[in-house]
Amino acid sequence: MSEPQQTGLEYLRSFVDSNAAPFGKLLGFHLAEVEFGRVVFEGKPDETHYNPHGIVHGGYAASMLDSALGCCVQTTLPAGQTYTTIELKINYVRAMTAETGLVRATATSIHTGRRMATSEGRLVDPNGKLIAHGSTTCMILS
């Protein structure tokens, strides 16, 4: 949650490359870039993220995209406001393995209103191939 004296963008700038968010640390991804209406998370999936089929669990992609989509919304909020996700939609395009390498989840803001905000994002491999894409709707909280 952002500090009342900081905008969402100011707050998130302090997290760039710090791997400070506990959930991101657990899954091995971090906030790499942040600007108003756009964020990028980076992570490198490994065998600890595998499902029983020997590929990275879909929850890894969903978690990276959920983080990027929500933080993207946060960059558009003034001091004293926060948000919560009320809808998340993910489309999976290809599987990941430990050999996939560094993946990037980039999200951009679509709309921020008084009570709702939306954003969309893409998760890509090191060659820019699409792994998954998604969108979110967030409720703005005062």
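The values are calculated or read from the model by the stated rules, or taken from the named source; none is laboratory data. In this text, all values refer to a predicted model and were calculated from it rather than measured experimentally. As a convention, Cβ positions derive from the backbone with ideal geometry for all residues, glycine included, and neighbour counts pool all protein chains shown.
In summary, GLY128 fulfils each of the numbered conditions (1) in contact with a helix residue (DSSP H, G or I) (Cβ under 9 Å, 6 or more places away or on another chain); (2) free of Cβ contacts under 8 Å to residues at least 12 places away in the same chain with the single exception of condition (1). Just checking, does the stretch 53-74 include any residue being in a strand (DSSP E or B) and touching a residue at least 24 places away in the same chain (Cβ under 8 Å)? Looking through the stretch 53-74, at least one residue is in a strand (DSSP E or B) and touching a residue at least 24 places away in the same chain (Cβ under 8 Å).
Within the stretch 59-69, the set of residues being crowded, with 22+ Cβ neighbours inside 10 Å and more than 13 Å from GLU42 (Cα to Cα) comprises just one member, LEU69. Residue-level check: of (1) in contact (Cβ under 8 Å) with a residue 60 or more places away in the chain; (2) out of contact with any Cys (no Cβ under 7 Å at 6 or more places or on another chain), ARG38 misses just (2).
Is at least one residue of the stretch 8-26 aromatic (Phe, Trp, Tyr) and modelled with pLDDT of 95 or more? No, every residue in the stretch 8-26 fails to be aromatic (Phe, Trp, Tyr) and modelled with pLDDT of 95 or more. Please work out if PHE41 is aromatic (Phe, Trp, Tyr) and buried (at least 19 other Cβ atoms within 10 Å of the Cβ). In short, yes. In the stretch 1-38, the qualifying residues are those that are touching a strand residue (DSSP E or B) at 6+ places or on another chain (Cβ under 8 Å), more than 22 Å from VAL124 (Cβ to Cβ) and among the polar types (S, T, N, Q), and the one that is surrounded by the most Cβ atoms within 10 Å (Cβ to Cβ) is SER2.
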